[in-house]
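Chemist: What follows is a single structure, and I will ask about it in a moment.
The values are calculated or read from the model by the stated rules, or taken from the named source; none is laboratory data. Note that the coordinates shown come from a computational prediction; the quantities given were computed from them, not determined experimentally. Please note: Cβ atoms are built from the backbone with ideal geometry, for glycine as well, and neighbour counts cover all protein chains shown. Side chains included, ligands, DNA and RNA excluded: accessible areas come from the protein's heavy atoms. Shrake-Rupley method; radii C 1.70, N 1.55, O 1.52, S 1.80 Å.
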Amino acid sequence: MKLYETLAADIARQIAQGVIREGEKIPSVRQTSQHHNLSVSTVIRAFLLLESQGVIESRPQSGYFVRRKPAAQAGTAGDTAAPAGPADLARGETLDTSEFVLTTLRSINQGSVPLGSPYPDPASFPWARLNQHANSLARRAGQMGMTADLPPGNPELIRQIARRHLENGLPVDAGEIIITTGATEALNLCLQAVAPPGSVIAVESPTYYALLQAIERMRMQVVEIPTDPVAGIDLAALERAIDERGVAACMVMPNFQNPQGYQMSDERKRAMVEMLTRHDVPVIENDVYHELYYGDVHPTSLKNYDTRGLVLHCNSFSKTLSPANRIGWALPGRYRSAVEKLKFLNTLNTPALPQLAIAEYLKHDGYDYHLRKVRKAYAQNAGIMAMAVRRFFPPGTCVSTPVGGYLLWVTLADGIPALELYARAQERGISIGAGNIFATGDAFQHCIRLNYSYPWTAEVEAAVRTLGLLAADLANCAPRKRANL
C-alpha cells in the first residue's frame, strides 16, 4: 500500500474500533503530518480518500469530522483503494485530481468561500427567463416528436448558434454544428474522433485538469508543452513534440485559458493553425470563455484560420447562460461524421427542453445586453482581486492580468506550497484551486487559481486577507524547513 492508503486505513480502523467516535473531530492536516512524520501532501491524499469513502467529512472553518453512519460500513471503509487520477498513470504516486476537485466542490456546497470554484457566480445567470421559457415549452412538450433531441440537435438552436458565430466574425456551416451535453462532452467526443487509444496528445502546461482526465481515461499519453502566461503555448516546442513524439492531436484553450487566463494573439493563433496544417495534426479548441472578453472587440478563434477542417471547435453556454442546462456544441471540421456517430453511441441525445429554452432566450431576451453586464462586473472584480492579492500576500507573489474570463492565476512567493495553503484554507472555510492539479508534475506546486466572478463583499475580502496571512506564515516556515534539511 502507498503511504496515504496506509494512513487512511489506520484512521478508518480506529474509527471502526471506536477510538475516534462518530461526530468527533479528527486531528488537523498539520497535526497529523507532524505526529506521523508524513508530508502534508500525503495526509491530504489520505483525508480525501476517507472523505470520498464517506468515512469523514469536511466542515468549513472547523476541520474534518467522523461521519455518522452504520458501524458495519465504518468497519470496512479503509479497505477500498483510491481511484487513479491522470497523473497516477503518468508517474506513480501523486495527488488524485478527481478526488481533489470533488472535495473542493463539496466544500463549496457546504458553505466555503468559493474562490476555488471552476464555475462563475450563479447569480450572474438569467435563471428567471430561462425557467420561464422552459416552463412554457414543457406545457407544449406533447407536441415534440420522439426524435426531437437526436444528433445533431435541435435545428432552431443550431441556427441561433450559427448566427452567433456569424455575428462574432466566424461564418460557419450550420450543418457542421453538433449539440452536446456541455463542452466537456464535446471535448471528449472530439478527442475520441481524432485519435485511438495509445496516441500522444499535446496540451498546454498548465492546462485545464479535465483535459488531463479525459486523456488518461481514454488510455492515451499526454505530452505537456511549456506555455507562457502571456503569449500562450510555445509553438516551437509543440512542433518539436510533433516531430519527436509523433503527436496525434493537441488540445488548447487560446482565449482566457484556464488556469492562466492568457489570450493568444491573432498572429500566434494563425501561426499555430498553419504549423499544424503543415503537419496534418488536428487541434481541439476549448473556447468556452470566448464571450467573456473585457475589451471592445471579441477575440478570434483558431477556427477563424482553419482551411483544412483540422480545428475541432468546442464551446458551451455553461459559462455565460446556465451551467444547469449543460448545453454545448462542437464544430468538428472534417471529423464531423465521426463526432456525430460517437455522440449517438455514447449518450444518444441531448435533452430537447434545455436546447429549446436556450434557443428561445437567444431569439428574444437580449443576450448581448446580458453579456455586457457580466463582462463589466468580471472586469471590475479582476482588478479588485488582483489588487487585494498584491496587498495581502507576501512580497514576491505574482498575479496574472486577465483580459477575459473570471480566473486569476497566482504564483506564490518562493517556498510556499499550494497544497498546504489549500489544506489550511479548507480548515477555515475557504476554497482555492491548487496549481498541482493543472499538470502531471510539480511545476506549479507553488501556484493557485482564484475565482473572482462573485461580488466583492466583506466576506470575500476577509477570505483573501486570510489567505495572505496563511501564505505569510508558510513563507516564514519555509526557511526553517530548508535549514533542517
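Chemist: Identify all residues within region 321-343 that are modelled with pLDDT of 95 or more and of a type in the set (Ser, Thr, Tyr); write none if there are none.
Modeler: Listed by number, the residues that qualify are 335, 337.
Chemist: Looking at region 21-38, which of its residues are of a type outside the set (Lys, Arg), open to solvent by 60 Å² or more (accessible area, probe 1.4 Å) and not in a loop (DSSP other than H, G, I, E, B)?
Modeler: Matches in region 21-38: 31, 34, 35, 36.
Chemist: Go through region 399-442 and report how many residues are assigned to a strand (DSSP E or B) and either open to solvent by 20 Å² or more (accessible area, probe 1.4 Å) or outside the structural domain of residue 109 (by the TED database) (or both).
Modeler: Here the count works out to 2.
Chemist: Still on this structure, please answer the following. What number of residues within region 284-324 satisfy the criterion of being of a type in the set (Gly, Ala, Ser) and open to solvent by 10 Å² or more (accessible area, probe 1.4 Å)?
Modeler: Qualifying residue count, region 284-324: 3.
Chemist: Can you name the residue in region 184-219 that is open to solvent by 10 Å² or more (accessible area, probe 1.4 Å), within 19 Å of residue 330 (Cα to Cα) and of a type in the set (Gly, Ala, Ser) and, of all such residues, is modelled with the highest pLDDT?
Modeler: That would be 193.
Chemist: Would you point out which residue out of 384, 358 is of a type in the set (Val, Ile, Thr), surrounded by fewer than 23 Cβ atoms within 10 Å (Cβ to Cβ) and part of a helix (DSSP H, G or I)?
Modeler: 384
Chemist: When the residues of region 325-334 are narrowed to those that are touching a residue at least 60 places away in the same chain (Cβ under 8 Å) and out of contact with any strand residue (DSSP E or B) (no Cβ under 7 Å at 6 or more places or on another chain), which ends up least open to solvent (accessible area, probe 1.4 Å)?
Modeler: Of everything passing the filter in region 325-334, 325 is least open to solvent (accessible area, probe 1.4 Å).
Chemist: Does residue 367 qualify as being crowded, with 19+ Cβ neighbours inside 10 Å, out of contact with any helix residue (DSSP H, G or I) (no Cβ under 6 Å at 6 or more places or on another chain) and under 20 Å from residue 289 (Cβ atoms)?
Modeler: So residue 367 fits the description; yes.
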